[in-house]
1. Over the chain, calculate the relative contact order: mean separation of alpha carbon pairs under 8 Å at least 6 apart, over the residue count, as a percent.
2. Could the peptides 3-9, 89-95, 33-39 be put in order, highest first, of the mean number of other beta-carbon atoms found within 10 Å of their residues?
3. Beyond 15 Å, what share of the Cα-Cα pairs of segment 85-147 is found? Please give it as a whole percent.
4. Using amide H atoms built 1.01 Å from N in the peptide plane, name the residues 5+ places from residue 20, or on other chains, whose amide H lies under 5 Å from its own.
5. Rounded to the nearest 500, what is the 222 nm mean residue ellipticity of the chain from helices alone, with -39500 (n - 2.57) per DSSP H run of 4+ residues and division by all residues?
6. If each residue of separation counts as 0.36 nm, what is the full-extension length gain between residue 86 and residue 104 once their alpha-carbon separation is subtracted?
7. Here are some values of Rg/Rh (Cα atoms, Kirkwood Rh): (i) 0.95; (ii) 0.99; (iii) 1.10. Which one was computed from this structure?
8. Write out the GluC sites (Glu not before Pro) in segment 38-147 meeting two conditions: DSSP loop, and at most 12 other Cβ atoms within 10 Å of their Cβ.
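All of the numbers you see were taken from the coordinates with simple rules; none came from a lab. Given the structure is predicted, the values throughout are model-derived calculations rather than measurements. All Cβ positions, even for glycine, are placed from backbone atoms using ideal geometry, and neighbour counts span all protein chains on display.
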Amino acid sequence: MAGQMIKNLPDAERTNLKPASAGDRQWMGSTVPAGAPLWTSERLGYLLMIIEPSPERCEVRAVHLPVERTFQAVLFAMGKALPDFKPVDVKPGYDPINYQLEDVDQGQRYVFHMEGAEPGAPGHMLRFSLLSGVVVRQPATDHPAFR
């Protein structure tokens, strides 16, 4: 949110994250822009990947985690740590479970968007859960925020 890449954060703030190996990158396929930093969790490995296409955007992808329970835990933690973020209604798209929180501060809009599907969700052929999250920092304007 401060416009810093993960590699520039103090060690204490990037606990349990490590640069993804070439093998880990294969799991993401062609969805990661060439040269974009990609991180994995020490504990979860390729099951949790963090992509940083720019200092204004960070994407998280995870598989095999319970979607609704994971999102509720994240929302609870954000409510405690970042109480200025407020829920925004988002129409479901391909993924039936989604949440979006936003905050505007000093001319910047911060968007925290999560979406996913449990195994066997209507319209999904996957036999495992799929979760994604995006954190975006953009100028606060009258234009709609990231959706």
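1. The value is 20 percent.
2. Final packing ranking: 33-39, 3-9, 89-95.
3. Result: 53 percent of Cα pairs exceed 15 Å.
4. 38, 39, 40
5. -4500 deg cm²/dmol
6. 5.5 nm
7. Derived directly from the coordinates: (i).
8. 42
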